[in-house]
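What follows is a single structure, and I will ask about it in a moment.
Since every read-out is calculated from the coordinates, none of them should be taken as a lab result. Computed from a predicted model, the values in this text were never measured in an experiment. Positions of Cβ are generated from backbone atoms using ideal geometry, with glycine treated the same way; all protein chains shown enter the neighbour counts.
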Protein chains: 4
Amino acid sequence: MKIAIAGASGYTGIELLRILSSYTDIEINQISSRKFTGKKLKDVFPFFSGKYSDLVFQEDIDIQESDFFFLCLPHEPSVELVKRIHETGKKVIDLSAAYRIKNTKAYTDFYGFEHKYPELLFKAVYGLPELFRDSIKNASVVANPGCYPTASILGLYPAVKENVAYGEIIINALSGISGAGREPKQQFHYPEAFGDSYAYKPLNHRHIPEMESVLKEVSGSEVKIRFTPHIIPVSRGMIATVTFKTDLSKDQLVELYRLEYRYEPFIRFSSEPPHIKYVTGSNFCDIFVDKDERTGLAVVITAIDNLGKGASSQAVQNFNIMTGREESFNLLEISHLGIVYP
Amino acid sequence: MKIAIAGASGYTGIELLRILSSYTDIEINQISSRKFTGKKLKDVFPFFSGKYSDLVFQEDIDIQESDFFFLCLPHEPSVELVKRIHETGKKVIDLSAAYRIKNTKAYTDFYGFEHKYPELLFKAVYGLPELFRDSIKNASVVANPGCYPTASILGLYPAVKENVAYGEIIINALSGISGAGREPKQQFHYPEAFGDSYAYKPLNHRHIPEMESVLKEVSGSEVKIRFTPHIIPVSRGMIATVTFKTDLSKDQLVELYRLEYRYEPFIRFSSEPPHIKYVTGSNFCDIFVDKDERTGLAVVITAIDNLGKGASSQAVQNFNIMTGREESFNLLEISHLGIVYP
Amino acid sequence: MKIAIAGASGYTGIELLRILSSYTDIEINQISSRKFTGKKLKDVFPFFSGKYSDLVFQEDIDIQESDFFFLCLPHEPSVELVKRIHETGKKVIDLSAAYRIKNTKAYTDFYGFEHKYPELLFKAVYGLPELFRDSIKNASVVANPGCYPTASILGLYPAVKENVAYGEIIINALSGISGAGREPKQQFHYPEAFGDSYAYKPLNHRHIPEMESVLKEVSGSEVKIRFTPHIIPVSRGMIATVTFKTDLSKDQLVELYRLEYRYEPFIRFSSEPPHIKYVTGSNFCDIFVDKDERTGLAVVITAIDNLGKGASSQAVQNFNIMTGREESFNLLEISHLGIVYP
Amino acid sequence: MKIAIAGASGYTGIELLRILSSYTDIEINQISSRKFTGKKLKDVFPFFSGKYSDLVFQEDIDIQESDFFFLCLPHEPSVELVKRIHETGKKVIDLSAAYRIKNTKAYTDFYGFEHKYPELLFKAVYGLPELFRDSIKNASVVANPGCYPTASILGLYPAVKENVAYGEIIINALSGISGAGREPKQQFHYPEAFGDSYAYKPLNHRHIPEMESVLKEVSGSEVKIRFTPHIIPVSRGMIATVTFKTDLSKDQLVELYRLEYRYEPFIRFSSEPPHIKYVTGSNFCDIFVDKDERTGLAVVITAIDNLGKGASSQAVQNFNIMTGREESFNLLEISHLGIVYP
């Protein structure tokens, strides 16, 4: 099987290359990058001495030349490229937001462009295996979830699905800076971001419609989310602290979550709030569940690696499902080895 | 005027020394430290070459020898020492929690000791000048607020005072590690804390009763707070992201806050969520106020330096008030100069 | 006295503004920035609420409108602007390298442009007060030293001046990333620089001719320096570890340094190798002197703040000298207050 | 084959567990820790969900119960335990310094204890495969090198072996803080180490005799090293910047190094000074070689992970050799997967 990665010079692209390098039965035969067209992988990323280090970045990938596609492109180019790949009957996992939300209006409101392929939007499957693995199995277009939605939805799914979360859901999330991509920006220039932290887009982050639409799909009713993301000065890692009203006791709540996720290979429960360093480099989502009886509010805290379960290793999890492998194939070992402690 | 600082070798003690060094009309004549008894200030803190660098740490301070006292001690020793200083008629600012909460039960429940001087608890004034400056003026015992309560209460006060915040208040806060003190601990050993972040004490942090009791005092009714603190890998700085139901529109809310704080020298409004680096080294509290009309929830975000407005410079603000100085005396300049950017 | 700061939106410009804000007898009446022309200082740097916060960035400064000039511009524009200011008889401190090296060939070789005003090069005084304060007093053009040269030369001056350092001098230096300026770059994008460190320009850093020409001037003979700079992942701070052959014993060496610097207000000797955090935000240079008798090599280690003694506060020290103030005027206090520990 | 790891709760022990977890033909059947005796691995290190997560820390390991031993203990206990293991005829890799230096006087002078088994010292093989793989193959006691010596010796070996490095060798090294171990200390408390950097033990670091004795062994003559280590605020990673006089031209020098290391699986040459993040989590040593013709000095810069090639993965490399496996077995893949970029 020949694999192409479009946009392979960004953080999610490189992480895909790292993970897929240890698959012996596939061949990555195309990588593209507008910025580094013509350069070898190892010349742009000198640490990359693995088997694909001599691959040359193409300007664009050629759909004829590969069998399976990972797209790590901006949203708008993805809309088109996914469409074109789909028309050939080949499979694609899109790491952008281009096919994540069924509601086309969200694209106009939150992403600033009109989505031209609403019918394909409805065919695309949201690539969160813990919720949709059956659909992912036969999907030809998988929209790989955003990092904040992955951390948030996994913290809410059991409660929302069983309709035991009432009223507004309040999510405060912390993200490492790699979530903002590889393009240098003033606010992420090292001397500025060093020692700093702050909330951003406090009212209208693009991930809100993504979360609400998925949760509505699983619960059958409207879900309203108050979401405040914060930048923290690390490279990788994400925490979502989720609060909602519930009538369940702490024990019932914990039982509900454990039951729902009892066969999940990448969900680990923790008796203390999870650390981002416990999941960095892995495909794990660590979850802590508790209830504050004084206020009647449930507190669920999740930790993921924004480039792992929040992006690239989750894409590989989807790839395993779509290609008939065991879902955790290669990923469990990689997850343990990727955790560099301290 | 002769000043004593008890527990001067911790982070809040050293910060007091830094700030008070630029007062020319007072003399710090006693500093104490059990750990460094007999050593000179400059031998323990080699960077300290200012005028007090030759001061010697005493085992304990002598109440007879000074006129005004800052206590940077653990909670229990403070209970006693405040009492003894108070009996001499001298004034004291206590940076521990020993006299912050009127409800003695909170000490048994959250601090693990029985408070022996409930009557003095009721005489002590909570040292948050924006709320209680009139009482601070004539107080002989000022209980300097905790860092989380300072950031949280300043973000809530205008709304709670006017009873426009309904239901549970949800606070998610981020703190730099200096808030945990100077004593080395496994979880704050550099290689472990480096690149890490996590929530802690997610249900029962000690600062909850402090916040609730102060807010009840200003609103006249019970206030329930859901509070989740998080560690972020910086030395200094604190963010409180506060969410509550309100019927006020965004404009009304902003107006309410601006009006309440219009004469405050150390409160700055910001049109974007505040950065901790904008307040590090200063006595400022930066505030952002907004409303999410979709969910009906107000979002107020504050930033302080946990060792500044959250501890030592706030203690100096109280000192200015208690000694008849202008409240911002020396502090405004220090606040601007302390901000080391980038 | 009216002051202009050209290029005021970079790190050295902002640091000048911070320091000069506490001078009550001068007025900063012009700041320029090509990037932020027309914007207020406080709109670009929201933390800047001091007295100059409403100043508007001009595209260029007007030489007629101010009496004294600080230039924080790239090298080539500085060459011209210094010349034009000089022609009006006004004084200027140039923080670029445009007038630091007497040898015009160094500009062609290391900076890539031909220096058009060699005669003015020879009039300009190198603004390292510990070496040249008498000349600085009457200078009209002061070339403010680079950060690496400041840290290195102060670690070498006593030995080189007395000709007790033999053979090649080997300097290994560590610098925080603010030394590379405020312009975002790939290698200083937070996720990349986070947790990283490396040597760079290991053979031909531009500061080599600056160091060698100054040291030749004070010693009367050629000095050869092997200089390897390293990036460390902090915002501010610089260490220079200097090694050279000497016949002096450790005691003689220490005595030589202490004697030479005995009246220096900003040089502090330390009995352990200095920490960058002990000087961050200050104008201090901390120095450690020792000798390795096994190898016959002296080891001198210095620490400065690259934006302080390595740039802006040193410029203010020069300003004090040039305007007849006491050299440490305002700077000692600022140095102590700027040290934000921890 | 049953493996025991003594002192498994420190950083090198945990890293060994991480790496050895992916070997399918061995079983780690004993781990010891005085501090955590009786606790499960996963209870002390919650991120450790791999196959050994239920292993219980013993107070001591039982020599009868395992076939091969890794010791991650303090120096003195290692002296005894290595001796006892050796007497049973079993093999041991000791990660302490207990058997690294042939010269017993170095133990008295630099480590403060008298070495009781000089005869075993001479039997022990220094576990740097690039120099001593033939001896390692049949060794029963391998003394795993220190991190600074690994980085330094690999940067010097080709030149010293061929006697083309003259005079004193000057090494400046930078180390992440994990090199100081897992025990919390004041200077490594996060708020203190954050944003700081400094040289330490500038004259007499314990690794000097280790480096000099190994280099003397390969060159046949005395080697004198001037070594200054520096702390940098990262968890992992080490740079050694090595300077020495040589008559070789740059091209000859580069050729010499490339030839010597041409078959080494874990040595990578880089055309720019190497980054510590390029080797973090791996067993690689990246090397940059150049010559400064102006001063006649060679500049060799190496980067390793102090816990990888500087400790645990190098121990596994030795283990591969000692057990007849291919030297890079499992390690190359782990090295690539361990590199978490960004």
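Suppose a student asked you for the relative contact order of the stretch B:148-266, using Cα pairs under 8 Å spaced at least 6 residues apart; what percent would you report?
46
Name the residue farthest towards the positive end of the dipole of the stretch A:185-342 from the options A:SER221, A:GLY296, A:LEU203, assuming +1 on Cβ of Lys and Arg, -1 on Cβ of Asp and Glu, about the Cα centre.
The residue sitting most towards the positive pole is A:LEU203.
Then there's this: Pairs of alpha-carbon atoms within less than 8 angstrom and 6+ residues apart define the contacts here; what relative contact order does the stretch D:207-305 have, in percent?
Averaging sequence separation for qualifying contacts and normalising by length gives 31 percent for the stretch D:207-305.
Would any residue of the stretch B:14-46 have its amide N under 19 Å from a label point 7 Å out along Cα→Cβ of D:GLN186? List them or say none.
B:14-18, B:31-46
Out of D:TYR148, D:TYR157, D:TYR166, any idea which swings most in a Gaussian network model of chain D, alpha carbons joined below 10 Å?
D:TYR166
For D:279-289, what's the mean count of beta carbons from other chains sitting within 10 Å of each residue's beta carbon?
Average neighbour count from other chains, rounded to a whole number: 2.
Where both residues lie in chain B, what percent of DSSP beta bridges are antiparallel, nearest 5?
45
Whose amide H sits under 5 Å from the amide H of B:ASP286, counting only residues 5 or more places off or on another chain, with H placed in the peptide plane?
Sorted by chain and number, the residues that satisfy this are B:ARG268, B:ALA303.
In addition: Could you list which residues have their amide H under 5 Å from that of A:TYR126, counting only those 5 or more apart in sequence or on another chain, with H placed in the peptide plane?
Here A:ALA143 satisfy the definition.
While we're on this one: Which entries in C:LYS245/D:LYS161; A:LYS102/A:LYS201; B:LYS39/B:LYS91; C:LYS90/C:LYS216; A:LYS35/C:LYS35 show an alpha-carbon gap greater than 32 Å?
Going by Cα-Cα distance, every pair falls inside the 32 Å limit.
Quick check: pseudo-label points 7 Å beyond the Cα along Cα→Cβ at A:GLU260 and D:ASP62, how many nm apart are they?
Here the answer is 4.6 nm between the modelled labels.
Further question: Long-range amide H contacts for A:LYS291: which residues qualify at under 5 Å (H placed 1.01 Å from N, peptide plane, sequence gap of 5 or more or a different chain)?
A:VAL299
So, with +1 on the Cβ of K and R and -1 on the Cβ of D and E, and no other charges, what is the size of the charge dipole of the stretch A:148-304 about its Cα centre, to the nearest 20 debye?
Here the stretch A:148-304 has a charge dipole of around 320 debye.
Report, in deg cm²/dmol and to the nearest 500, the calculated mean residue ellipticity at 222 nm for the protein assembly as shown, where each DSSP H run with n ≥ 4 adds -39500 (n - 2.57) and the sum is divided by the residue count.
Dividing the helical sum by the residues of the protein assembly as shown leaves -8500 deg cm²/dmol.
Would you mind telling me the antiparallel percentage of the DSSP bridges in the stretch A:148-304, rounded to 5?
The antiparallel fraction comes to roughly 70 percent.
Going by C-beta contacts inside 10 Å, put A:PHE113, A:PHE244 in order with the fewest on the left.
Lowest to highest Cβ neighbour count: A:PHE113, A:PHE244.
Spelling out what I want: for every residue of the stretch A:206-222, take phi, set θ = phi - 60°, compute 6.51 cos²θ - 1.76 cosθ + 1.60 (Karplus), and round to whole Hz; glycine and proline get x.
Once θ is set to phi - 60°, the couplings for the stretch A:206-222 become 4, 7, 4, x, 4, 5, 5, 6, 5, 5, 5, 4, 7, 9, x, 9, 4 Hz.
Still on this structure, I have one more. What does the charge add up to near A:VAL234, with Lys and Arg as +1, Asp and Glu as -1, over the other residues with Cβ less than 9 Å from its Cβ?
+1
While we're looking at this one, here's another question. Find how many whole Å separate the alpha carbon centroid of the stretch C:130-148 from the alpha carbon centroid of the stretch A:76-133.
Comparing the Cα centres of the stretch A:76-133 and the stretch C:130-148, I get a distance of 63 Å.
Let me ask something additional. Taking R0 as 25 Å, what FRET efficiency do you get between B:ARG294 and A:THR104 from their Cβ-Cβ distance, rounded to the nearest 0.05?
Result of the calculation: an efficiency of 0.85.
Treating the angle as unsigned and between 0 and 90°, give the value, to the nearest 10°, between the Cα long axis of helix B:313-322 and the longest Cα principal axis of chain B.
Approximately 80 degrees, to the nearest ten.
Which whole-Hz ³J(HN,Hα) couplings does the stretch B:191-203 yield from phi under the Karplus relation 6.51 cos²θ - 1.76 cosθ + 1.60, θ = phi - 60°, glycine and proline marked x?
Each residue of the stretch B:191-203 in turn: x, 7, 6, 4, x, 10, 6, 5, 7, 8, 5, x, 10 Hz.
Let me ask something else about it. Across the stretch A:36-43, in residue order, what do the Karplus-derived ³J(HN,Hα) couplings come to in whole Hz, using 6.51 cos²θ - 1.76 cosθ + 1.60 with θ = phi - 60° and x for Gly and Pro?
Result, rounded to whole Hz: 10, 3, x, 8, 7, 3, 6, 7.
Could I ask something else about it? Taking only Cα atoms and a 10 Å spring cutoff, compute GNM fluctuations for chain A and point out the largest among A:ILE225, A:ILE239, A:ILE301.
Checking each option, the largest mean-square fluctuation is seen for A:ILE225.
Now a separate question. Let me make sure I get this right: for chain B, a, b and c are the square roots of the gyration tensor eigenvalues over alpha carbons, sorted descending. Under 1.5 in a/c it's rounded, otherwise prolate if a/b > b/c, else oblate. Which is it?
Because a/c hits 1.5 or more and a/b exceeds b/c, chain B counts as prolate.
Select the chain D residue whose beta carbon lies nearest to the rotation axis carrying chain D onto chain B, and write the distance in whole Å.
Spelled out as residue then distance in Å, it is D:PRO184, 2.
On a full-extension model of 0.36 nm per residue, what is the gain between C:LYS123 and C:SER221, subtracting their alpha-carbon distance, rounded to one decimal in nm?
Value of the extension gain: 33.2 nm.
Relative contact order, percent, of chain A when contacts are C-alpha pairs under 8 Å separated by at least 6 residues?
Normalised by residue count, the contact order of chain A is 17 percent.
For C:ASP43, what charge total do you get from the other residues with a beta carbon under 14 Å from its beta carbon, if Lys and Arg give +1 and Asp and Glu give -1?
+3
Using a simple spin-label model with points 7 Å from Cα along the Cα→Cβ vector, what separation in nm is obtained for C:ARG84 and A:ASP43?
4.2
What's the magnitude of the charge dipole for the stretch A:162-253 around its Cα centre, counting Lys and Arg as +1 and Asp and Glu as -1 at the beta-carbon? Answer in Debye, nearest 20.
Dipole magnitude for the stretch A:162-253 comes out near 240 debye.
GNM, chain C, Cα, under 10 Å: largest mean-square fluctuation among C:ALA124, C:ALA199, C:ALA139?
Highest fluctuation of the listed residues: C:ALA199.
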